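Here is the structure we will look at.
The values are calculated or read from the model by the stated rules, or taken from the named source; none is laboratory data. None of these values were measured; they are calculated from a predicted model. Glycine gets a Cβ as well: all are built from the backbone with ideal geometry, and neighbour counts include every protein chain shown.
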Amino acid sequence: MQTLNMKKNLFLFLLASTLSSLSFHAAAQLKPTTKQECNRRCNSSDSKVDFPANPVTIKHKERLLRIHEARKNETDPEKLKALDKAEEEEMDIRKDDREQMCRSMCRHNPEE
(Lines give C-alpha, C1' and ligand atoms only; values in the text may rest on other atoms or scores of the structure.)
Protein backbone atom coordinates (compact mmCIF):
# COMPACT_ATOMS: atom_id res chain seq x y z
CA MET A 1 0.00 0.00 0.00
CA GLN A 2 2.81 2.36 0.89
CA THR A 3 4.66 1.66 -2.38
CA LEU A 4 1.47 2.44 -4.28
CA ASN A 5 1.27 5.84 -2.56
CA MET A 6 4.95 6.46 -3.23
CA LYS A 7 4.52 5.59 -6.91
CA LYS A 8 1.47 7.82 -7.12
CA ASN A 9 3.34 10.71 -5.46
CA LEU A 10 6.35 10.18 -7.71
CA PHE A 11 4.11 10.16 -10.78
CA LEU A 12 2.38 13.38 -9.68
CA PHE A 13 5.75 15.02 -8.99
CA LEU A 14 7.06 14.07 -12.43
CA LEU A 15 3.85 15.21 -14.10
CA ALA A 16 3.98 18.57 -12.31
CA SER A 17 7.65 19.00 -13.20
CA THR A 18 6.98 18.24 -16.85
CA LEU A 19 4.02 20.58 -17.05
CA SER A 20 5.88 23.44 -15.38
CA SER A 21 8.79 22.92 -17.77
CA LEU A 22 6.44 22.96 -20.77
CA SER A 23 4.67 26.10 -19.59
CA PHE A 24 8.04 27.81 -19.06
CA HIS A 25 9.09 26.97 -22.63
CA ALA A 26 5.72 28.07 -24.01
CA ALA A 27 5.96 31.37 -22.15
CA ALA A 28 9.45 31.93 -23.53
CA GLN A 29 8.11 31.49 -27.07
CA LEU A 30 5.39 34.10 -26.52
CA LYS A 31 7.93 36.93 -26.46
CA PRO A 32 6.38 39.73 -28.53
CA THR A 33 7.98 40.58 -31.82
CA THR A 34 8.35 44.10 -33.14
CA LYS A 35 5.37 45.76 -34.83
CA GLN A 36 7.12 45.49 -38.18
CA GLU A 37 7.81 41.76 -37.80
CA CYS A 38 4.31 41.08 -36.52
CA ASN A 39 2.77 42.91 -39.50
CA ARG A 40 5.11 41.17 -41.95
CA ARG A 41 4.16 37.72 -40.64
CA CYS A 42 0.48 38.51 -40.49
CA ASN A 43 0.34 39.94 -44.01
CA SER A 44 2.66 37.41 -45.67
CA SER A 45 1.16 35.38 -48.49
CA ASP A 46 2.11 32.09 -46.79
CA SER A 47 0.46 33.15 -43.53
CA LYS A 48 -1.93 30.60 -42.05
CA VAL A 49 -3.96 33.41 -40.49
CA ASP A 50 -7.22 33.82 -42.39
CA PHE A 51 -9.47 35.28 -39.66
CA PRO A 52 -12.20 32.69 -40.38
CA ALA A 53 -14.52 33.89 -37.60
CA ASN A 54 -14.34 37.53 -38.63
CA PRO A 55 -17.63 38.70 -40.23
CA VAL A 56 -15.69 40.79 -42.75
CA THR A 57 -13.77 37.71 -43.94
CA ILE A 58 -17.00 35.74 -44.24
CA LYS A 59 -18.55 38.49 -46.40
CA HIS A 60 -15.48 38.59 -48.66
CA LYS A 61 -15.65 34.83 -49.14
CA GLU A 62 -19.37 34.99 -49.92
CA ARG A 63 -18.85 37.74 -52.51
CA LEU A 64 -15.98 35.83 -54.13
CA LEU A 65 -18.10 32.69 -54.21
CA ARG A 66 -20.91 34.61 -55.98
CA ILE A 67 -18.43 35.96 -58.52
CA HIS A 68 -17.04 32.46 -59.17
CA GLU A 69 -20.55 31.04 -59.55
CA ALA A 70 -21.48 33.78 -62.02
CA ARG A 71 -18.29 33.12 -63.99
CA LYS A 72 -19.14 29.40 -64.37
CA ASN A 73 -22.34 30.18 -66.26
CA GLU A 74 -21.11 33.14 -68.28
CA THR A 75 -19.89 33.03 -71.88
CA ASP A 76 -20.07 36.70 -72.87
CA PRO A 77 -16.49 38.08 -73.00
CA GLU A 78 -17.56 41.55 -71.78
CA LYS A 79 -19.35 40.10 -68.75
CA LEU A 80 -16.40 37.80 -68.03
CA LYS A 81 -14.10 40.83 -68.12
CA ALA A 82 -16.44 42.64 -65.69
CA LEU A 83 -16.42 39.60 -63.39
CA ASP A 84 -12.61 39.51 -63.50
CA LYS A 85 -12.52 43.19 -62.54
CA ALA A 86 -15.04 42.59 -59.73
CA GLU A 87 -12.91 39.72 -58.40
CA GLU A 88 -9.76 41.83 -58.53
CA GLU A 89 -11.50 44.67 -56.67
CA GLU A 90 -12.81 42.26 -54.04
CA MET A 91 -9.32 40.83 -53.54
CA ASP A 92 -7.93 44.37 -53.11
CA ILE A 93 -10.62 45.14 -50.53
CA ARG A 94 -9.86 41.87 -48.76
CA LYS A 95 -6.13 42.70 -48.73
CA ASP A 96 -6.82 46.16 -47.27
CA ASP A 97 -9.08 44.69 -44.59
CA ARG A 98 -6.45 42.08 -43.74
CA GLU A 99 -3.77 44.76 -43.40
CA GLN A 100 -6.05 46.74 -41.11
CA MET A 101 -6.73 43.66 -38.94
CA CYS A 102 -3.00 42.91 -38.76
CA ARG A 103 -2.20 46.50 -37.75
CA SER A 104 -4.85 46.26 -35.06
CA MET A 105 -3.48 42.96 -33.74
CA CYS A 106 0.12 44.18 -33.76
CA ARG A 107 -0.48 47.69 -32.39
CA HIS A 108 0.65 46.83 -28.85
CA ASN A 109 3.89 45.15 -29.92
CA PRO A 110 7.08 47.10 -29.19
CA GLU A 111 8.63 49.28 -31.88
CA GLU A 112 12.02 47.59 -31.45
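Data overview
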| read-out | value |
| --- | --- |
| Members of region 43-82 found to be at pLDDT 90 or above and touching a helix residue (DSSP H, G or I) at 6+ places or on another chain (Cβ under 7 Å), listed by number | R63, L64, I67, A70, R71, L80 |
| Criterion (of a type outside the set (F, W, Y) and not in a helix (DSSP H, G or I)) met by exactly one of A53, A82, A86 | A53 |
